[in-house]
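The values are calculated or read from the model by the stated rules, or taken from the named source; none is laboratory data. Here the structure is a predicted model, which means the values were calculated and not measured. When we count neighbours, we look across all protein chains shown, and the Cβ atoms used for this are built from the backbone with ideal geometry, even at glycine. Side chains included, ligands, DNA and RNA excluded: accessible areas come from the protein's heavy atoms. Shrake-Rupley method; radii C 1.70, N 1.55, O 1.52, S 1.80 Å.
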Amino acid sequence: MKNFLFTISFLLIPAAQGADVAGVKIDDKTRVGSSELVLNGAGLRKRVFFQVYAIGLYLPRKAGNATGAINTEGPKRASIHMLRDVGAAQFTDALAEGIRENHTEAEAKALEPRVQALAAVMAEVKEAKKGMVITLDWTGTATQLGIDGKPAGKPIEGADFYRALLRIWLGDKPVQEDLKKALLGGG
């Protein structure tokens, strides 16, 4: 009887809830440095009829709106799980376009050297391959690109740069409206 009650009580404990996006398991928690982050939302980036990547947004605490997510203090992570091969230039061009769409011309110009630094790291990788996990971490002091769990390139300074990256998905002109909603926990 004790075993039965233990089993029943174990089943009533809520399991950790991650997400499954296009067959990719997105964990419910992750770590950036010593900080534990929670999955705010996850979704699928589509281009025409191609599934390009699954992405999870991790924050120190859940945020239900874009402004809250973008401006949350502390470490953050965008975890991109590639679902198809994409050339490094195409990948970084898409990021740069997302930044331009969500900033004034002067703001985009000010961010350009850091966009180029990110592009240079991706150029060394040559291709974002299917199955690759690309992380964009805000460590609290800089943006650190990661490839399959390993840091890639030098950290890129400036909280404004990380906020600009988040605006690609969460800005007023996101790359995909339903993806923005999903990253904010709404779908």
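Assorted remarks:
- Long-range neighbours under 7 Å by Cβ, at least six apart or interchain, first residue among the charged types (D, E, K, R) within the stretch 17-39, second modelled with pLDDT under 95: LYS25/GLY18; ASP27/GLY18; ASP28/ALA16; ASP28/GLN17; ASP28/GLY18
- Complete set of residues in the stretch 7-21 that are more than 16 Å from LEU179 (Cα to Cα) and either modelled with pLDDT of 95 or more or not in a loop (DSSP other than H, G, I, E, B) (or both): THR7, ILE8, SER9, PHE10, LEU11, LEU12
- Qualifying positions in the stretch 145-154 - open to solvent by 50 Å² or more (accessible area, probe 1.4 Å) and under 22 Å from MET82 (Cβ atoms): ASP148, GLY149, LYS150, PRO151
- Filtering the stretch 150-172 to residues that are over 15 Å from the mean Cα position of the chain (by Cα) and within 14 Å of ALA96 (Cβ to Cβ) leaves only ILE156.
- Single condition GLU105 does not satisfy, out of (1) open to solvent by 80 Å² or more (accessible area, probe 1.4 Å); (2) on the phi > 0 side of the Ramachandran plot; (3) modelled with pLDDT of 95 or more: (2)
- Within the option set ALA128, ALA142, being touching a helix residue (DSSP H, G or I) at 6+ places or on another chain (Cβ under 9 Å), surrounded by fewer than 19 Cβ atoms within 10 Å (Cβ to Cβ) and farther than 15 Å from TRP169 by Cβ holds for one residue only, ALA142.
- Options TRP138, TRP169; residue that is out of contact with any Ser or Thr (no Cβ under 6 Å at 6 or more places or on another chain), over 19 Å from ASP93 (Cα atoms), aromatic (Phe, Trp, Tyr) and at pLDDT 95 or above: TRP138
- If the condition is being open to solvent by 40 Å² or more (accessible area, probe 1.4 Å) and closer than 27 Å to LEU39 by Cα, then the stretch 113-124 contributes only ARG114.
- Test: residue in the stretch 74-96 that is open to solvent by less than 80 Å² (accessible area, probe 1.4 Å), touching a strand residue (DSSP E or B) at 6+ places or on another chain (Cβ under 9 Å) and farther than 22 Å from VAL175 by Cβ: yes
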